[in-house]
1. Can we say A:L22 is part of a helix (DSSP H, G or I) and at the interface with chain B (Cβ under 8 Å from one of its Cβ atoms)?
2. Can you tell me which residue within segment B:155-204, out of those that are within 16 Å of the ligand (Cβ to nearest atom) and modelled with pLDDT under 65, is least open to solvent (accessible area, probe 1.4 Å)?
3. Kindly indicate whether any position in segment A:33-47 is open to solvent by 30 Å² or more (accessible area, probe 1.4 Å), more than 16 Å from the ligand (Cβ to nearest atom), without any contact (Cβ under 8 Å) to a residue 40 or more places away in the chain and over 22 Å from B:R175 (Cα atoms).
4. Looking at segment A:12-21 only, could you name the residues that are out of contact with any Leu (no Cβ under 7 Å at 6 or more places or on another chain) and within 13 Å of the ligand (Cβ to nearest atom)?
5. Can A:A60 be described as away from the ligand (no atom under 16 Å from the Cβ), more than 25 Å from B:E152 (Cα to Cα) and at pLDDT below 90?
6. Out of the helices (runs of 4 or more DSSP H) lying entirely within segment B:1-86, which hold 1 or more residues that are within 22 Å of A:W49 (Cβ to Cβ) and within 11 Å of chain A (Cβ to nearest Cβ)?
Amino acid sequence: MNCQELWTAMTDKADAECARHLEECPACAARMERQRLLIASLRTVAAEWRSMEAPARVEAALVAAYRAQGGVRAPARRQWWLPVLSWAAAAAAMFALGVFLVRDRQPRAESAPAHRTAPAGLEWASLDWSAGADAHGDATGYDNDFIPLPNAQRVGPDEEVNLVRVEVPPSALLALGFVERADRAGPVQADVMLGSDGLARAVRFVDE
Amino acid sequence: MAQHAAETDDELLMRLRSGDEEAFVALYRRRQGAIYRFAMHMSGSPAAAEDVTQDVFLVLMREECGYDPERGTLSGYLFGIARKLVLRGLERGRSDVALEPDNDESLPPELAVEDDPLVDLTRREGIEALRRAVQALPRRYREVVVLCDLEELDYADAALALGCPIGTVRSRLHRARALLLEKLSQERRPRPGMGALKPLRCVI
Ligand SMILES: [Zn+2]
């Protein structure tokens, strides 16, 4: 066994041949000793990190999601009536204000039903998963947080959509009928879901 | 929850699928810490780690989550989902940690360290240096160290999580450890002359 063969074999397990090489080769023996020390030290680091855990609110949110999945879904948080005719203009205005554009195959598989605070939930909201269907999307095919536009087509099961993150100034909110939102200071962030045809399908406000 | 201690992950999963909330909580508590730490190491962001942990278990709730006990353990599967979510977040510019190019060519050649005494790993500052060195590893090496050396996954589970053959896990882990030793060696001698670093004959 030469040095290279030793290290190839050692990544798996030590056997008698490896042991013999280590006895004969001081360079490999020294290197082996450093590796042992390194691995032992990594275990020390691991032990110190072992107390690091997800905050308790994650468990609470997941338990809520688990219950919601088994029972009746909670109603969407925002139930305002939206002026039908202004939606096309609204989406266009939001699009013009777009901050960034993310492509997404499965907008339904995203943030937890339990409400998240920004900015943690923002960019992650467009994650998709390889494993197919939605954990918590409702029968409309949208995430709970998305408000379907009344005159818009439904998003098809395999339709590619774009999510546009936009900033909506209070004046635009008022014009769109979101009086409650407009009362807040400063612009509000929102995600607009655009279908493969580029038309707005739904909107979701991003809470600060 | 003590009565769940003896149950396997797969048993808990089966029960949570049938609506047993206690089983869900037990499985979550058993696995969340490792998933959170992994996401934390990979993203460098507590907020991202929190989101990833939450999303991993949301995926698990789905009947068709894609977990196949034939292919590996639930733990390996969960790390795999976490990794996908982290990478997706990184691709979208979510994290402070930039993606490295996914090839080995950019790596410096393995350098000799055997003549350089290591940072004393038995001391506090040695452990701190090691922690920094892990964080400074390129992503593909950091993930294998976190999985195999910190979270102590076996190679099969790590391969499942990383989506690569077991042989690749082995070789990457080997390379990762070499890089760690190199970094620690540099730490001890902050500005080594290049002459002090001679090619190592034993290099694979
Ligand atoms: Zn040798």
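The values are calculated or read from the model by the stated rules, or taken from the named source; none is laboratory data. Computed from a prediction, not measured in an experiment: that's the story for all the values here. Cβ coordinates were reconstructed from backbone atoms using ideal geometry, including for glycine residues, and neighbour counts include every protein chain displayed. Ligands, DNA and RNA are excluded from the accessible area calculation, which covers all protein heavy atoms including side chains. Shrake-Rupley method; radii C 1.70, N 1.55, O 1.52, S 1.80 Å.
1. Numbers: part of a helix (DSSP H, G or I): yes; at the interface with chain B (Cβ under 8 Å from one of its Cβ atoms): no.
Criteria not met by A:L22.
2. Ranking the qualifying residues of segment B:155-204, first place goes to B:C202.
3. From segment A:33-47, those open to solvent by 30 Å² or more (accessible area, probe 1.4 Å) are A:33, A:36-37, A:39-40, A:43-44, A:47; that's our starting set.
Remaining after also requiring more than 16 Å from the ligand (Cβ to nearest atom): A:37, A:39-40, A:43-44, A:47.
After this cut, where a residue has to be without any contact (Cβ under 8 Å) to a residue 40 or more places away in the chain as well, the list is A:37, A:39-40, A:43-44, A:47.
From what's left, over 22 Å from B:R175 (Cα atoms): A:47.
Yes, segment A:33-47 contains a residue that is open to solvent by 30 Å² or more (accessible area, probe 1.4 Å), more than 16 Å from the ligand (Cβ to nearest atom), without any contact (Cβ under 8 Å) to a residue 40 or more places away in the chain and over 22 Å from B:R175 (Cα atoms).
4. Here is the first cut: in segment A:12-21, the residues out of contact with any Leu (no Cβ under 7 Å at 6 or more places or on another chain) are A:12-17, A:19-20.
Within segment A:12-21, A:E17, A:A19, A:R20 meet the criteria.
5. On the way: away from the ligand (no atom under 16 Å from the Cβ): yes; more than 25 Å from B:E152 (Cα to Cα): yes; at pLDDT below 90: no.
No: the conditions fail for A:A60.
6. Values: elements: B:9-17, B:21-43, B:46-61.
Counting at least 1 such residues, we get B:21-43, B:46-61.
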